[in-house]
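*Asks:* Structure below; questions to follow.
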Amino acid sequence: MTVSARDMVIAARKGGYGIGAFNINNLEWTQSVLKGAQEANAPIIVQTSMGAAKYMGGYKLCVDMVNDLIDSMGITVPIALHLDHGNYEAAKACIEAGYSSIMFDGSALPFEENLAKTRELAQICKDKGISLEAEVGAIGGEEDGIVGMGECADPDECKAIADCGVDMLACGIGNIHGVYPEGWPGLRFDVLDAIIAKVGDDLPLVLHGGSGIPDAMVQEAVRKGVSKINVNTELQLVFAAKTREYIEAGKDKEGKGFDPRKLLAPGFAACVDMVKYKIDVFGSTNKA
Ligand SMILES: [Zn+2]
């Protein structure tokens, strides 16, 4: 069974390491992430965006699939099933469906409304033993075809949201979703320090857009207080690259190479390796 992410991120915050949060898109993706975690003996967060959950068949299917695979694959490391960037309705739906962790992203709402909804959801999640991640300010990324250089959260707003009783806080420190643009100036550790000065040393912080930030920079963020790092794009890129290699080598035309169990196998293996690599960079190998 999946577990709340609360204990794993608190242990990570205290122990100075980070928990990998990997986005899933289908059955193979889910299996590869679980296999990687088990082989690394690491606790992880498996997460779905609203769109990916819809693509796979809905929230209930995701809950059933992840729990069934934990069982059938003999997974013994702690696994949380988390909603990534959920709106208010999706957060409620996932709490009902059986997710063990929720991100409510009210960053696009007026701040007072984000605060009120985060406070309400924090109470519901607390009562049900579900962990809650909230977001302050926008995380940069591609918008209308223009990739920004990353945005930064306001430390006072971070403090107000933290005081709602959330388990994890996502705050922009110059990070970006997707592929990082040329000339990106790097993470803003001065902003991270200012946020920690306000919210205190105990609150696990979340780094979104973890794909493509140099490893040393991620490790510095982890040392300072980032306890959950989201990885999505990098898995997609290695899966696509390995699948392309297979097809360009003509292997789908040899024998039964077109069988999806063969066609998707190189991408699957590459995802397992990437998950283990990331877990190692974050320092959570053998922390299960
Ligand atoms: Zn994100």
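*Asks:* When the Kirkwood radius is taken over all Cα pairs of the range 138-260, what Stokes-Einstein diffusion coefficient follows at 25 °C and 0.890 mPa s, in µm²/s?
*Replies:* For these conditions, the coefficient is 151 µm²/s.
*Asks:* State the extension gain, in nm to one decimal, for the chain segment bounded by Thr285 and Glu39, taking 0.36 nm per residue of separation less the distance between their alpha-carbons.
*Replies:* 87.7 nm
*Asks:* May I ask which of Lys253/Lys276; Lys224/Lys276; Lys159/Lys276; Lys35/Lys159 have a Cα-Cα span longer than 29 Å here?
*Replies:* Lys253/Lys276; Lys159/Lys276; Lys35/Lys159
*Asks:* Where q = 0.09, 0.12, 0.16, 0.23 Å⁻¹, what log10 of I(q)/I(0) comes from the Debye formula for the range 25-142, counting one point per Cα?
*Replies:* At q = 0.09, 0.12, 0.16, 0.23 Å⁻¹ the computed log10 ratios are -0.25, -0.45, -0.76, -1.27.
*Asks:* Taking 35 Å as R0, compute the FRET efficiency from the Cβ-Cβ separation of Glu113 and Met1 and round it to 0.05.
*Replies:* After rounding, the FRET efficiency stands at 0.55.
*Asks:* What's the ranking of 109-118, 173-182, 92-101 by average number of surrounding C-beta atoms within 10 Å, highest first? Don't skip to the answer; put the middle values down first.
*Replies:* Numbers: 109-118: 16.3, 173-182: 19.2, 92-101: 21.3.
Final packing ranking: 92-101, 173-182, 109-118.
*Asks:* Take the Cβ-Cβ distance between Thr76 and Glu96 as r, set R0 to 30 Å, and report the resulting FRET efficiency rounded to the nearest 0.05.
*Replies:* It comes to 0.60.
*Asks:* If you average 1/r over all unlike Cα pairs in the chain and invert the result, what Kirkwood radius do you get in angstrom?
*Replies:* After inverting the mean inverse Cα-Cα distance, the result is 19.1 Å.
*Asks:* Taking R0 as 35 Å, what's the FRET efficiency between Ala269 and Lys54 from their Cβ-Cβ distance, rounded to 0.05?
*Replies:* That gives a FRET efficiency of 0.80.
*Asks:* Please work out how much length the chain gains when fully extended from Ala240 to Lys262, using 0.36 nm per residue of separation minus the C-alpha to C-alpha distance, in nm with one decimal.
*Replies:* Taking Ala240 through Lys262 to full extension adds about 6.5 nm, to one decimal.
*Asks:* Between Asn26 and Asp127, how many nm apart are label points set 7 Å from Cα along the C-beta direction?
*Replies:* 4.0
*Asks:* If you average over every viewing direction, what projected area does the convex hull of the Cα atoms of the range 199-288 give, in nm²? Please report the intermediate quantities before stating the final value.
*Replies:* Values: hull surface 28.9 nm².
Value for the range 199-288: 7.2 nm².
*Asks:* Taking neighbour counts of Cβ atoms within 10 Å as a proxy for exposure, in what order, fewest first, do Met217, Met168 appear? Could the numbers behind the result be given before it?
*Replies:* Details: Met217 14, Met168 27.
If I rank by nearby Cβ atoms, fewest first, I get Met217, Met168.
*Asks:* OK, next. Per residue of the chain, what 222 nm ellipticity follows from adding -39500 (n - 2.57) for every DSSP H run with n ≥ 4, rounded to the nearest 500? Mind dumping the intermediate values first?
*Replies:* Working: 12 runs with 140 residues, N = 288.
That calculation yields -15000 deg cm²/dmol at 222 nm.
*Asks:* Gain in length, Asn67 to Ile247, computed as 0.36 nm per residue apart minus the alpha-carbon separation, to one decimal in nm? Walk me through the intermediate numbers first.
*Replies:* Details: separation 180, 0.36 × 180 = 64.80 nm, distance 3.27 nm.
Difference between extended and current length: 61.5 nm.
Only the coordinates and a few stated rules stand behind these numbers; no lab work does. As the structure is a computational prediction, the values presented were derived from the model and not from experiment. Ideal geometry is used to build each Cβ from the backbone, glycine not excepted, and the neighbour counts take in all protein chains shown.
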